[in-house]
Every structure is written in structure tokens, then in C-alpha cells.
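Reviewing the structure listed below.
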Amino acid sequence: MFRKIAFAVVFAALVAWAATSGQQDPKTVLSNVSKAMGADNLKTIQYSGSGADFSLGQAMNPSSPWPRFNNKTYTRTIDFERQASQLQRVRTQGENPPRGGGGQPLVGEQNQNQVVIFNDNTPWAQRLDLVMLPWGFLRAASAASDTSVRSEKMNGRRYTVLSFQGQNKASVNAFIDDQNIIARIETKIDNAVLGDTLYEAVYSDYKDFSGVKFPTHMVQKQGGYPVLDLAITEVKPNVEANIQPQQGRGRGGAGGPGGPGGGPNAEAPTEKLVDGVYLILGGYAAVAVEFADHITVIEGPQSEQRATQIIETTKKLIPNKKIKYVVNTHNHFDHASGLRTFVAEGATVITHQINRPYYEKVWANPHTLSPDKMAQAKAKPKFETMTERKTLTDGNQLIELYRVDGSTHNDGMIMAYLPKLKILVEADEFNPPAQVATAPPQNINPYNANLAANIDRLKLDVDRIIPIHYPNDARKVAKSELLMAIGKAN
């Protein structure tokens with residue numbers, strides 16, 4: 001009798017497991033979710049609302065979230081059939097005074113109209129802009145050959161999880177609740193500073209809009225902090241979407257803040273400032289300085305590609321000496337994304353003391369999605385830090401490093417002064433236009449005013465300024481341009 005009961009219990013469990021397994025078929029799950037969300041016949045959609053976007057990698061200091069920009073209005077139109085997107089929004093500065101963010105604080109309102117036409121050549125990190133949306137995920141998961149399904153518990157709730165492998169070999173996962181609604185999508189992407197980085201999107205407070213279930217709150221995060229936070233008030237399914245590429249832009253979207261123009265093997269334009277001191281252009285600017293037994297490079301920006309170009313150019317200009325130091329102006333990602341390449345080269349990173357613990361932490365993260373030179377070499381970073389000032393000299397050559405006091409762009413901002421040349425090398429505090437301005441601007445950029453105040457405070461005799469965001473490879477920037485920018489032209 002006991003054996004019969006035991007067999008019956010096991011048999012019942014197997015039947016229940018089989019039934020559950022049948023429900024976990026990926027195609028069935030996709031079909032159920034698509035039907036529940038009203039996505040079966042969804043070809044285009046337009047949604048509007050307000051909220052905020054945040055500048056990834058542009059924090060005021062290593063412990064701050066990404067800087068906020070308010071989105072007074074936000075309207076996005078997506079054509080899933082053509083793989084096209086148009087974003088129209090009105091932005092304002094999110095903090096007052098502005099802290100962190102881009103090189104130019106927003107004054108008043110900024111109107112943006114961004115069009116992206118995706119294709120097979122669009123980098124995966126950009127294509128995720130659609131895939132990380134519930135309806136884009138459903139299309140991508142339906143087209144994938146390896147889509148799988150499992151059950152997973154998160155924050156006390158059980159979800160059905162649909163997964164497929166993205167083009168970067170990272171799993172893309174959608175968490176589906178008991179109403180067959182996508183509540184969360186996550187994957188990992190490569191970041192030159194952070195390594196394998198979690199990219200997550202949370203969707204909540206769904207409502208019905210003409211038969212389509214749409215979240216009225218969406219939050220996207222990268223690196224642990226929000227990059228987008230929207231409250232949605234209006235949704236129009238299958239709206240007419242006549243999305244056309246913007247004039248002067250090719251298909252596939254704008255390029256990211258990566259390497260220099262002209263391809264990885266392009267020759268970097270250079271300028272000899274004096275024997276042993278060279279300006280390297282062709283991307284974010286860098287300055288290579290020869291000392292008695294080594295080389296110091298000011299700035300390791302943008303990407304591994306750009307850093308490699310700077311290193312190779314430096315070796316040609318100053319042969320038979322090693323790059324001992326790379327000076328990091330600040331920890332914003334566009335100015336730090338080449339530092340790991342210099343570490344692989346054996347260079348010591350000179351940075352403000354607030355950055356060292358941050359770099360040590362994030363550079364220890366895995367770089368498996370796109371192993372860079374530092375990961376391949378298993379190189380360990382070396383640092384020298386500073387607070388207010390630091391001097392690099394061999395008795396002949398001299399670089400003076402100063403913290404930019406009062407900067408509202410970055411707490412650890414460093415500028416470099418070459419007293420013999422009367423040259424100041426700075427990042428973001430003054431980003432002059434491509435052509436020399438002939439009149440003061442209507443609104444004074446506070447970054448510009450603060451840089452001028454620091455030059456006066458330190459009594460620096462400056463003739464020429466070298467902005468890391470160099471305006472035009474064919475011209476020089478005189479101090480008089482800075483004075484013009486703050487309304488103090490002679």
C-alpha cells in the first residue's frame with residue numbers, strides 16, 4: 001500500500017511538473033505577453049510626458065549621481081517596422097547652480113529633436129535603446145534563436161523571465177509578472193570606465209491606452225544611477241510616423257564619445273610647442289612633455305582607441321623614453337575612458353585624491369564583454385594624487401598642476417600650467433567655439449568666469465590656453481578669447 005501511495009505522489013508531481021514545463025515554452029510566453037500588452041499589431045507608438053534625463057559619467061564627484069536635466073516636455077515616436085526613433089523634448093538645467101554635466105550649463109530652455117535610424121551596422125549599445133523597451137524586447141526575443149524561459153524570485157515576487165543573448169554576448173532578460181506584463185528588462189554593456197555594467201529598465205503603473213498596456217512610469221539606470229526617469233501622460237498606438245533622418249546625419253545614429261575621427265589608424269595632427277613639448281590633436285587634445293628620463297602626458301581621454309593613438313604618436317615624437325605619468329584632469333568618463341590604456345602601458349595616473357578610491361574600485365570590475373588592454377595585460381594601476389597643487393620637474397622641464405577652486409563642473413578638476421611657455425591646459429572650464437568670437441556672449445558661462453578667477457588668484461602669466469575640447473585643429477586659443485567670453489575684452 002505504501003509503495004502505491006508513494007508512486008501516486010511521485011506520478012502526480014511529475015504530471016504537475018510537466019504541465020508547468022509546458023506553460024514555460026518561450027513561444028507561448030511571448031504570445032501571452034504580446035497579447036496581454038496589446039502588442040500583436042503594434043507597429044508604431046508615440047508617448048509623451050515629463051521627467052528627467054541624467055548625464056552618464058558626468059557626476060560632480062565619484063560619490064554623486066549623474067547630473068539631472070529636467071524634461072519639461074518629452075515626446076518620443078517609434079516606428080518598430082522601420083527601426084526608427086524620433087525624440088522631441090524641452091530640457092532645462094536640473095540643478096541650480098548647475099553642478100557636473102556637460103561643458104556648457106543650460107541657460108533657459110533647450111529644444112531637442114533627435115532622430116535615429118537603426119540598421120545592422122548600428123552598435124549594439126545603441127540598438128538597446130529600442131530593445132530595452134517592452135515592445136522592442138518582444139520583437140527581439142521573437143527573432144532570436146536562443147530565447148529561453150525560467151522562473152525567478154526578485155524582491156519577494158516571482159517572475160517569469162524571458163532571456164536571449166545580445167550581440168555583445170550578454171543575456172537580455174525581461175521579468176514578466178503574473179499578469180503577463182513586462183515589469184523589468186536588464187542586460188549588461190561594456191563601459192570603458194565601469195567595465196561590465198548593468199543596464200536596467202523598470203516599468204510600472206501600467207494603464208490601457210486604446211488597447212495597448214503602457215507604463216506611466218519608466219526608469220532606466222546605468223552604473224547604479226538613473227539615466228532616464230519619466231512620467232507618461234499620453235500614448236498613441238499606431239500613430240502615423242514619418243521619421244526622416246536629420247540633415248547631415250547618416251543612418252545608424254550619431255557616434256558616441258569614442259575614438260578620434262578618421263579611423264583607428266589615422267595619423268594624429270600635432271603641433272610642436274617647443275623642443276620636447278607637443279600638442280596632440282585629432283580628438284580630445286593631449287600634451288606630451290619630455291623630461292630627462294621619461295615622458296608625462298596630460299590627459300588620457302575618450303577611449304582605448306584615442307589613448308592608443310596618443311601613446312603611439314607620443315612615442316614617435318619622443319622616442320626611446322617611457323611614458324611614466326598620465327595626468328587626469330577630472331573623472332568624467334569622456335576624460336577618463338583612455339586611462340586604463342595608459343595603465344596597460346605602465347604609466348602612473350596622476351589625479352585628484354578624491355578619484356583614487358573610485359578608480360581602484362571600478363577598475364577592479366570585470367571587463368569580459370570587451371576586454372581592454374588593461375584587462376588583457378592584467379595590469380595593476382599605480383597612482384600619485386594631489387589636493388591643491390603638485391609640481392612635476394627634473395630641474396629643467398616644469399609642469400605645475402592646480403586644482404580649479406570653485407569649479408561647479410567637477411570637485412577634483414585639475415589644470416596644468418607650463419610657466420616657461422605661458423600655456424594653460426584645461427578641460428571644460430573654457431570650451432571656445434570653432435571660430436574666434438568677435439563679441440561677448442549674451443549670457444556669461446559661469447565655468448569661464450571661474451577659470452579666469454583662478455588664473456588671477458594664482459597669478460598665472462598665461463598667453464595661450466589649450467582646451468582639452470580643442471575647438472579647431474587649425475587655430476590657437478589666446479587668453480584674450482577667455483576675457484572676451486566673460487565680457488572683459490580689451
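The values are calculated or read from the model by the stated rules, or taken from the named source; none is laboratory data. The structure presented is a predicted model; accordingly, all values stated were derived computationally and were not measured. Cβ coordinates were reconstructed from backbone atoms using ideal geometry, including for glycine residues, and neighbour counts include every protein chain displayed. What goes into the accessible areas is simple: the full protein's heavy atoms, side chains included, and nothing from ligands, DNA or RNA. Shrake-Rupley method; radii C 1.70, N 1.55, O 1.52, S 1.80 Å.
If the condition is being of a type in the set (A, V, I, L, M, F, W, C) and farther than 30 Å from ILE182 by Cα, then the range 96-133 contributes LEU106, VAL107. Each residue in the range 93-126 was checked for being closer than 30 Å to LYS188 by Cβ, in contact with a Ser or Thr (Cβ under 6 Å, 6 or more places away or on another chain) and loosely packed, with under 14 Cβ neighbours inside 10 Å, and 0 of them qualify.
Within the range 446-462, at least one residue is in contact with a helix residue (DSSP H, G or I) (Cβ under 6 Å, 6 or more places away or on another chain), under 17 Å from VAL287 (Cα atoms) and not polar (S, T, N, Q). The residue list THR329, THR348 contains one member that is open to solvent by 10 Å² or more (accessible area, probe 1.4 Å) and within 23 Å of THR385 (Cβ to Cβ), which is THR348.
One residue alone among ALA437, ALA452 is surrounded by 18 or more Cβ atoms within 10 Å (Cβ to Cβ), over 16 Å from ILE298 (Cα atoms) and of a type in the set (Gly, Ala, Ser), and that residue is ALA452. Considering only the range 318-331, I want to know if a residue exists there that is of a type outside the set (Lys, Arg), touching a Phe, Trp or Tyr at 6+ places or on another chain (Cβ under 6 Å) and closer than 18 Å to VAL277 by Cβ. Within the range 318-331 (the criterion being of a type outside the set (Lys, Arg), touching a Phe, Trp or Tyr at 6+ places or on another chain (Cβ under 6 Å) and closer than 18 Å to VAL277 by Cβ), the answer is yes, since at least one residue qualifies. Among the numbered conditions (1) buried (at least 18 other Cβ atoms within 10 Å of the Cβ); (2) in contact (Cβ under 8 Å) with a residue 40 or more places away in the chain, the only one that TYR159 does not meet is (2).
Against the condition open to solvent by 20 Å² or more (accessible area, probe 1.4 Å) and assigned to a loop (DSSP other than H, G, I, E, B), how does LYS476 come out, does it pass? So LYS476 passes the test.
Residues in the range 185-206 that are assigned to a strand (DSSP E or B) and closer than 21 Å to GLN302 by Cα: LYS188, ILE189, ASP190, ASN191, GLY195, ASP196, THR197, LEU198, TYR199.
The condition of being open to solvent by less than 50 Å² (accessible area, probe 1.4 Å), among the acidic types (Asp, Glu) and either farther than 20 Å from ASP334 by Cβ or in contact (Cβ under 8 Å) with a residue 40 or more places away in the chain (or both) holds for only one of ASP428, ASP405, that being ASP428. Restricting the search to the range 64-85, which residues are open to solvent by 40 Å² or more (accessible area, probe 1.4 Å), over 23 Å from ASP190 (Cβ atoms) and of a type outside the set (Asp, Glu)? Those that are open to solvent by 40 Å² or more (accessible area, probe 1.4 Å), over 23 Å from ASP190 (Cβ atoms) and of a type outside the set (Asp, Glu): ARG68, ASN70, LYS72, THR73, ARG82.
The residues in the range 162-206 that are of a type in the set (Ser, Thr, Tyr) and open to solvent by 20 Å² or more (accessible area, probe 1.4 Å) can be counted, and the count is 3. Please find, within the range 439-460, the residue that is nearest to the chain's Cα centre (by Cα) out of those that are on the phi < 0 side of the Ramachandran plot and without any contact (Cβ under 8 Å) to a residue 24 or more places away in the chain. For the range 439-460, the residue satisfying everything is GLN442.
Scanning the range 266-279 for any residue that is at pLDDT below 95, surrounded by fewer than 13 Cβ atoms within 10 Å (Cβ to Cβ), part of a loop (DSSP other than H, G, I, E, B) and not polar (S, T, N, Q) turns up at least one such residue. Could you please find all residues in the range 360-390 being more than 17 Å from VAL326 (Cβ to Cβ) and more than 27 Å from the chain's Cα centre (by Cα)? Within the range 360-390, GLU388, ARG389 qualify. Any chance you could count how many residues in the range 351-389 are open to solvent by less than 70 Å² (accessible area, probe 1.4 Å) and not polar (S, T, N, Q)? Qualifying residue count for the region: 18. Number of residues in the range 207-229 that are more than 22 Å from VAL33 (Cβ to Cβ) and either in a strand (DSSP E or B) or open to solvent by less than 40 Å² (accessible area, probe 1.4 Å) (or both) equals 8.
Check whether at least one residue in the range 29-37 is over 28 Å from ALA141 (Cβ atoms) and either open to solvent by less than 50 Å² (accessible area, probe 1.4 Å) or in contact (Cβ under 8 Å) with a residue 24 or more places away in the chain (or both), and report yes or no. No: the range 29-37 contains no residue that is over 28 Å from ALA141 (Cβ atoms) and either open to solvent by less than 50 Å² (accessible area, probe 1.4 Å) or in contact (Cβ under 8 Å) with a residue 24 or more places away in the chain (or both). For the range 280-295, the tally of residues that are more than 27 Å from the chain's Cα centre (by Cα) and either assigned to a strand (DSSP E or B) or under 17 Å from GLU345 (Cβ atoms) (or both) stands at 6. When LEU392 is tested against (1) surrounded by 16 or more Cβ atoms within 10 Å (Cβ to Cβ); (2) out of contact with any strand residue (DSSP E or B) (no Cβ under 6 Å at 6 or more places or on another chain), exactly one condition is not met: (2). Could you go through the range 148-155 and let me know if any residue there is open to solvent by 10 Å² or more (accessible area, probe 1.4 Å), in a helix (DSSP H, G or I), in contact with a strand residue (DSSP E or B) (Cβ under 9 Å, 6 or more places away or on another chain) and at pLDDT 95 or above. No, because not a single residue in the range 148-155 is open to solvent by 10 Å² or more (accessible area, probe 1.4 Å), in a helix (DSSP H, G or I), in contact with a strand residue (DSSP E or B) (Cβ under 9 Å, 6 or more places away or on another chain) and at pLDDT 95 or above. Has the range 127-140 got at least one residue that is open to solvent by 40 Å² or more (accessible area, probe 1.4 Å) and either assigned to a strand (DSSP E or B) or closer than 21 Å to ALA231 by Cβ (or both)? The answer is yes; a qualifying residue exists.
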